[in-house]
Amino acid sequence: MKKILIINGHPDAESYNAALTEAYLKGAQKSGAEIALINIRDLHFNPNLQFGYRKRTELEPDLLQAQKQIKWADHLVWVYPVWWGSVPALMKGFLDRVLLPGFAFKKREGSVWWDKYLTGKTVRIISTMDQPNWYYRLVYGSPSHKAMKRLTMQFVGVKSVKITAIGPIRLSKDEFRQRWLEKVERMGESNK
């Protein structure tokens, strides 16, 4: 049975991203998968990696639990809005504080290379934006997707990263949003 961790990076509990998170969760429940959910907005932690990697800051209990859930999962689903070409600040702080050396990777002594500790997992990124996907991809080069896929998930060992970009949201009609909720529920049901 597949073990799925859904991580919602939107700070608003009433956002469309929250609805997408619930749609994926509903589909995954139909499939019989084991599921865990993290709504980053509900966690109690300081998102500031105050000393970088120079000095270790003790992890709060919510972040220790998040690390356990990430280790446990076979498949990670990240749901977030694209803001200023990136992820929301709270989600960035979560990534900085959770994907630490010794947990997600380890720098090799006397080398520029590193060992990847989150191998064997798959990832689905579901992001929303207020512009058409083609514009975000062609004009801006999909910076948040590249950062999450290549510079974050693949950096720590995840080889298979699939991206679902939904936009434009701000001016979208209810039918558009409902269609995407149905598609995301089917993704959850197929565990993709």
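The values are calculated or read from the model by the stated rules, or taken from the named source; none is laboratory data. All values derive from a computational prediction rather than experimental measurement. Note that each Cβ is placed from the backbone with ideal geometry, even for glycine, and that neighbours are counted across all protein chains shown.
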Just one listed residue, out of K192, K149, is under 28 Å from S31 (Cα atoms) and at pLDDT below 95, and it is K192
Only one of (1) under 23 Å from L20 (Cα atoms); (2) at pLDDT 95 or above does not apply to P132, and that is (2)
Worksheet entry | Residue match in segment 44-51 (condition: under 23 Å from G157 (Cα atoms) and at pLDDT below 95) | yes
Selection from segment 131-155 of residues touching a Phe, Trp or Tyr at 6+ places or on another chain (Cβ under 8 Å), without any contact (Cβ under 8 Å) to a residue 60 or more places away in the chain and surrounded by 19 or more Cβ atoms within 10 Å (Cβ to Cβ) yields S142
**OP:** Please indicate, with yes or no, whether at least one residue in segment 15-25 is of a type in the set (V, I, T), touching a helix residue (DSSP H, G or I) at 6+ places or on another chain (Cβ under 8 Å) and at pLDDT 95 or above.
**Re:** no
Selection from segment 159-168 of residues part of a loop (DSSP other than H, G, I, E, B) and out of contact with any Asp or Glu (no Cβ under 6 Å at 6 or more places or on another chain) yields K159, G167
G188 vs. criteria assigned to a helix (DSSP H, G or I), surrounded by 15 or more Cβ atoms within 10 Å (Cβ to Cβ), under 15 Å from the mean Cα position of the chain (by Cα) and touching a residue at least 12 places away in the same chain (Cβ under 8 Å): yes
Counted residues in segment 29-66 being surrounded by 16 or more Cβ atoms within 10 Å (Cβ to Cβ), in contact with a Ser or Thr (Cβ under 9 Å, 6 or more places away or on another chain) and among the aliphatic types (A, V, I, L, M) come to 1
**Q.** Verdict on W180 being surrounded by fewer than 17 Cβ atoms within 10 Å (Cβ to Cβ) and among the aromatic types (F, W, Y)
**A.** no
Note on segment 84-118: residues within 20 Å of M129 (Cβ to Cβ) and more than 14 Å from the chain's Cα centre (by Cα) are W84, G85
Every listed condition ((1) out of contact with any helix residue (DSSP H, G or I) (no Cβ under 7 Å at 6 or more places or on another chain); (2) over 17 Å from V77 (Cβ atoms); (3) in a loop (DSSP other than H, G, I, E, B)) holds for V156 save (2)
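I'd like to check something: does segment 121-130 contain any residue that is surrounded by 13 or more Cβ atoms within 10 Å (Cβ to Cβ), over 26 Å from A73 (Cβ atoms) and among the acidic types (D, E)?
yes
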Going through (1) out of contact with any strand residue (DSSP E or B) (no Cβ under 8 Å at 6 or more places or on another chain); (2) surrounded by fewer than 21 Cβ atoms within 10 Å (Cβ to Cβ); (3) within 18 Å of N8 (Cβ to Cβ) one by one, A23 fails only at (2)
